[in-house]
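The structure appears right after this line, and notes come after that.
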């Protein structure tokens, strides 16, 4: 399974209109393939929307997107509001949830770590024995790595009831042997980024 994570930078003030247009088009679009979720940023780069699309493989993605355009059900009419567009194709880690529908809270944290080439398998190895205990403290929504787009990125998404809940949960997790996973001396962590985003009321994940 693959996941396409699309991030669009929108014109200031346009987010409510964009979210409304997405929501209106979603019933027809989801007849063609499953939808993971829709969020807009509140902390980090502002005026971004993030939407996630699961597919069996790239062939299904290409076929589904072509069918959506052919039938006119997608994309929504938001072109005039878009400033920048980015797309990543992600593979889930073996232990990762698959952006399954659910209600987890009002804040989702999207963390992106960029590693040196060839390091991702060692990251997965380090996370595997600890992730069950960590996700019992707050829900892991997804963890995986990029295959198309910016490479060597490790993307993980966590859900919280609110920002205060996030601080409490992270404090509970930051204990020796619980979190964070140890980093092998051969693994090079080049960059860390995060953003906080709010799900739309109609998003399958919210």
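The values are calculated or read from the model by the stated rules, or taken from the named source; none is laboratory data. Computed from a predicted structure; not experimentally measured. Cβ coordinates were reconstructed from backbone atoms using ideal geometry, including for glycine residues, and neighbour counts include every protein chain displayed.
Residue count for segment 106-134 under the criterion of being within 29 Å of residue 200 (Cβ to Cβ) and surrounded by fewer than 17 Cβ atoms within 10 Å (Cβ to Cβ): the result is 2.
Quick check: is even one residue across segment 165-184 assigned to a strand (DSSP E or B) and in contact with a helix residue (DSSP H, G or I) (Cβ under 8 Å, 6 or more places away or on another chain)? No, segment 165-184 contains no residue that is assigned to a strand (DSSP E or B) and in contact with a helix residue (DSSP H, G or I) (Cβ under 8 Å, 6 or more places away or on another chain).
When segment 150-164 is examined, which residues are found to be farther than 20 Å from residue 92 by Cβ and either modelled with pLDDT under 95 or in a strand (DSSP E or B) (or both)? I'd like the intermediate steps shown before the answer.
Looking only at segment 150-164, we keep the residues that are farther than 20 Å from residue 92 by Cβ, and these are 160-164.
Matches in segment 150-164: 160 only.
Considered as a group, the residues in segment 107-149 that are part of a loop (DSSP other than H, G, I, E, B) and under 19 Å from the mean Cα position of the chain (by Cα) include one that is farthest from residue 183 (Cα to Cα), and that residue is 149.
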